[in-house]
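Take a look at the structure below.
The values are calculated or read from the model by the stated rules, or taken from the named source; none is laboratory data. On a predicted model such as this, the values are computed, not experimentally measured, just so you know. Cβ coordinates were reconstructed from backbone atoms using ideal geometry, including for glycine residues, and neighbour counts include every protein chain displayed. Side chains included, ligands, DNA and RNA excluded: accessible areas come from the protein's heavy atoms. Shrake-Rupley method; radii C 1.70, N 1.55, O 1.52, S 1.80 Å.
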Amino acid sequence: METTQRNPGEVLFALVFVVLGIAGIVLAGSIEIPELETGMGPRAFPYIVSGLLAAVGAGLVVQALRGGHGAAEEGEDVDADASIDWRTIGKLVGFVVVHILLIEPAGWPVAATVLFAGAAWTLGAKPFWRSVLIAVGLSLLLQYLFGGLLGVSLPPGPLLEGIDILHG
């Protein structure tokens with residue numbers, strides 16, 4: 001009889017997904033719905049994503065408890081002996097923190113531009129000016145889609161305060 005080998009790290013990793021999914025579902029209930037909302041509303045997307053996250057996590061927990069594990073990466077450009085690039089991870093975490101700190105005073109589009117351009121620069125995108133232009137376009141598009149069309153409350157900030165189609 002073949003014995004299955006369980007990896008507690010994989011079980012714990014899968015449980016993190018379940019916990020994040022459940023937390024997302026619980027926290028999505030606290031999102032305010034505008035009185036005039038007649039469509040899907042701002043809670044729909046968080047409920048869908050959080051529900052899928054919890055379901056995938058639950059499936060991973062079951063698979064990990066049964067002894068299943070991910071196959072080792074065999075890509076041609078992967079160096080199995082390479083160490084973790086903590087400097088890159090630190091830069092990315094730093095840009096996420098700056099993004100969070102900028103949302104209220106500068107507005108979501110400015111904060112997202114800093115995050116997107118900073119992540120692209122950290123990961124080696126060149127030239128930098130192109131990354132900034134793409135980041136500006138992407139952040140304005142997301143502000144329009146979520147703030148203007150879906151009614152999600154993303155603060156446009158002082159630069160875009162007077163543009164009604166960008167408000168949630």
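Brief remarks follow.
- Of the residues examined, S30 is not one that is under 21 Å from L145 (Cβ atoms), modelled with pLDDT of 85 or more and open to solvent by less than 90 Å² (accessible area, probe 1.4 Å).
So that you can scan it fast, the table gives a plain yes or no per residue for (1) touching a residue at least 24 places away in the same chain (Cβ under 8 Å); (2) surrounded by 17 or more Cβ atoms within 10 Å (Cβ to Cβ); (3) touching a Phe, Trp or Tyr at 6+ places or on another chain (Cβ under 9 Å):
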site: A119; (1), (2), (3): yes, yes, yes
site: K126; (1), (2), (3): no, no, no
site: W129; (1), (2), (3): no, no, no
site: L133; (1), (2), (3): no, no, no
site: L141; (1), (2), (3): no, no, no
site: F146; (1), (2), (3): no, yes, yes
site: G151; (1), (2), (3): yes, yes, no
site: P155; (1), (2), (3): yes, yes, yes
site: P158; (1), (2), (3): yes, no, no
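So that you can scan it fast, the table gives a plain yes or no per residue for (1) open to solvent by 50 Å² or more (accessible area, probe 1.4 Å); (2) among the basic types (K, R); (3) touching a helix residue (DSSP H, G or I) at 6+ places or on another chain (Cβ under 7 Å); (4) within 25 Å of L154 (Cα to Cα):
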| residue | (1), (2), (3), (4) |
| --- | --- |
| I22 | yes, no, yes, yes |
| V26 | yes, no, no, yes |
| P34 | yes, no, no, yes |
| A44 | no, no, no, yes |
| A58 | no, no, yes, no |
| R66 | yes, yes, no, no |
